[in-house]
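Asks: Dropping a structure here in structure tokens format, bear with me for questions.
The values are calculated or read from the model by the stated rules, or taken from the named source; none is laboratory data. For clarity, every value in this text was computed on a predicted model and none was experimentally measured. Neighbour counts run over all protein chains shown; Cβ positions are idealised from the backbone, glycine included. In case anyone asks, the SASA skips ligands and DNA or RNA and just uses the protein heavy atoms, side chains included. Shrake-Rupley method; radii C 1.70, N 1.55, O 1.52, S 1.80 Å.
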Amino acid sequence: MAPNIAVIGFGYWGKNLVRNFHQLGALRAICDVDRSRAEATRSNYPDVDFYHHIDQVLTNDTIDAVVIASPAVTHHEVAKAALLAGKDVFVEKPLALNVSDGKELIDLAANQQRMLMVGHILQYHPAIHKLKELIHRGELGRIEYFYSNRLNIGKFRTEENILWSFAPHDVSVMLSLLNEKPTAVVCQGGNYLNGNIADVTISQFTFANGARAHIFVSWLHPFKEQRLVVIGSEKMAVFDDTAENKLLVYPHEVKWIDRIPTAMKADAVVIPVADDEPLRLECQHFLDCITNRQRPLTDGHEGLRVLEVLTESERQLQPIQQPGNSDKPPSYFAHPTSCIDAGATIGDGTNVWHYSHVMSQAQIGNACTIGQNCLIADDVSIGNNVKLQNNVSVYTGTEIEDDVFLGPSCVLTNVSNPRSQVNRQALYEKTTIRRGATIGANATIVCGVTIGAYAFIGAGAVVTRDVPSYALVMGNPARQQGWMSRHGHRLSEPDANGTMVCPESGLRYRFSIPDSLRCLDIDDNSPLPDHLATGQGLYGNFHTGTRPSQNNNK
């Protein structure tokens, strides 16, 4: 009987793992923080449970093992929690993002007597198995040179650079084929999309036996290429995962004629390989290791060797200089007391004021204002012309679109049920604040909600559910009290035509469907015309009644 497997992460690669473990009769549960993915689970895998929190998996005694396909930055914490819960663990590459975390997982797996396997899928490719056989039999002679190209367009990442995203597979195969670690590493890279996140790297390796290697990875390439070439003293081998014939051997010779090296070319020989899906073989191997309590081919120690090579490559990484840009000054202002971590992306014209901290993987757009004592955490995305007033912390899992206003000391959370004793760093819930919304002073936004475009959250409100676009909400818990215009005015009751008019701008609003307001005069996603982009007077000039509870700061 197959072990019971839970896959944590139902995103891009997680879907492939789910498919394979389900077809192998082992899938019992899927866990993903995105609740919208539950419907796909119910329709495609009706016999499989869907969980939103990892604790639901780890406390389930019927689950024997977990497969971790969450973002790389979460691998260590999720794998650690699973091992402590007594589960066998398959973690997608990389094992962790630093060597010390990798060692901790290896030690923990040994102490808990649990399996720890790393998803280095090329090790399970039939063509790579055949290539290993050729090398071990001496068919290629002495290995002189190894190179691997792994190139594509997208998928762009911000939590790790291209080296950590693409290269682990190639490093794993390189170490396996050459059967030793490099003695020297040189690495260069180019950052073209996101600050200090390398999009292209070229790593060169030297080995004690005289062999050399290079690995070229990029997600800025016009087409997909996954090719590995091994140059031996007798023959040359090419593994091309995008070709019909995956493995070719070229019996070329180099003869010295008149003391000049001359290539004597020969036709390629197609090496037959099985047509099995590598991921299926990898998943089956994990199940076999659990059942037979045998050491995985790509166990934690193999994953650690890859981590060590990646870490040294990262340490050696030197950005390729861009002509004319080497002396370009920062295009944003940061007060001397602020802290901007290396790798943060900050747009033109943005100001970061006293004692604020922008972490390394944060992204901030153009013309933003970050007030005093603010925190912008890793993996936060902030659009253009966003204003954060003093004492605002924006935590991992938050997406803020253009033209949003966050009032002084408003609170954004990213875990619904925090406990100091329970680590939920891998379970951050997403909060989205749509274009043009206003969050009043001291308001609290409980995580996992979406604040609609141009919504207005009154001062001190506690928001626990989604807020429609243009809605005015106040109180604790926050309840809708009306509708607001793009200029921040409470709209009166609709006239006979169902139209509401902003008293300042004169823009007209009408419901397209119940509880869905739209502006009749300007597209909701368009900027305001110049003549409406400057306030026409104080709030009191347009209203004689009670004003909504709101933030009066600049």
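Asks: Tell me, in nm to one decimal, what length is gained between Asp515 and Lys255 on full extension, where the rule is 0.36 nm per residue of separation less the Cα-Cα distance?
Replies: Details: separation 260, 0.36 × 260 = 93.60 nm, distance 8.03 nm.
Roughly 85.6 nm would be gained on extension.
Asks: Where a ≥ b ≥ c are the square roots of the eigenvalues of the C-alpha gyration tensor, would you call the stretch 339-426 rounded, which needs a/c under 1.5, or, failing that, prolate if a/b is larger than b/c, or oblate?
Replies: Prolate, since a/c reaches 1.5 and a/b exceeds b/c.
Asks: Using 1/(1 + (r/R0)^6) with R0 = 22 angstrom and r between the beta carbons of Asp107 and Gln294, what's the FRET efficiency to the nearest 0.05? Display every interim value, and only then the final one.
Replies: Working: r = 20 Å, r/R0 = 0.90.
The pair Asp107/Gln294 has a calculated efficiency of 0.65.
Asks: Another question, then. Let me have the relative contact order for the chain, percent, based on Cα pairs under 8 Å that are six or more residues apart.
Replies: Numbers: 1277 pairs, mean separation 46.3, N = 554.
Reported as a whole number, the value is 8 percent.
Asks: Another question about this same structure. What's the carbon and sulfur percent of the stretch 1-132's accessible surface, probe 1.4 angstrom, rounded to a whole number?
Replies: Roughly 48 percent, rounded to a whole number.
Asks: Is the stretch 87-158 rounded, prolate or oblate when judged by the Cα gyration tensor, a ≥ b ≥ c being the square roots of its eigenvalues, rounded requiring a/c under 1.5 and prolate requiring a/b larger than b/c?
Replies: oblate
Asks: Still on this model: What shape does the stretch 158-312 take by its C-alpha gyration tensor, where a ≥ b ≥ c are the square roots of the eigenvalues and a/c under 1.5 counts as rounded, a/b above b/c as prolate, and the rest as oblate?
Replies: oblate
Asks: With both bridge residues required to lie in the chain, what share of the DSSP beta bridges run antiparallel, to the nearest 5%?
Replies: Once the DSSP bridges in the chain are tallied, antiparallel ones form about 45 percent.
Asks: Still on this model: Could you give the length gained on full extension between Leu220 and His53, defined as 0.36 nm per residue of separation minus the Cα-Cα distance, in nm?
Replies: Full extension of this stretch gives 56.7 nm more.
Asks: So between Glu493 and Arg315, what do we pick up on full extension, going 0.36 nm a residue minus the alpha carbon distance?
Replies: 57.8 nm
Asks: In addition: Taking the mean number of other Cβ atoms within 10 Å as a proxy for protection, how do you rank 386-399, 507-520 from highest to lowest?
Replies: On the way: 386-399: 21.5, 507-520: 14.2.
Ranking the peptides 386-399, 507-520 by packing returns 386-399, 507-520.
Asks: Let me ask you something else. Report, for the stretch 380-469, the % of DSSP beta bridges that are antiparallel, rounded to 5.
Replies: 5
Asks: Here is a follow-up. Determine the percent antiparallel among the DSSP beta bridges restricted to the stretch 93-231, to the nearest 5. Could the numbers behind the result be given before it?
Replies: On the way: 23 of 30 bridges.
Given both bridge residues lie in the stretch 93-231, the antiparallel proportion sits at roughly 75 percent.
Asks: Then there's this: In deg cm²/dmol and to the nearest 500, what is the mean residue ellipticity at 222 nm of the chain if only DSSP H runs of at least 4 residues count, each as -39500 (n - 2.57), divided by the residue total?
Replies: After summing the helix terms and dividing by the residues of the chain, the value is -6000 deg cm²/dmol.
Asks: Just round it to a whole percent: the fraction of Cα-Cα distances in the chain exceeding 33 Å.
Replies: More than 33 Å apart: 53 percent of the Cα pairs in the chain.
Asks: Quick check: pseudo-label points 7 Å beyond the Cα along Cα→Cβ at Thr464 and His136, how many nm apart are they?
Replies: Label at Thr464, label at His136, 6.2 nm between them.
Asks: Taking amide hydrogens as modeled 1.01 Å from N in the peptide plane, which residues meet the under 5 Å criterion relative to Thr398, leaving out close sequence neighbours?
Replies: Answer set, sorted by chain and number: Ser381, Thr431.
Asks: How many Å² of accessible area per residue for the chain, probe 1.4 Å? Walk me through the intermediate numbers first.
Replies: Values: 26170 Å² over 554 residues.
Here the residues of the chain average 47 Å² of exposed surface.
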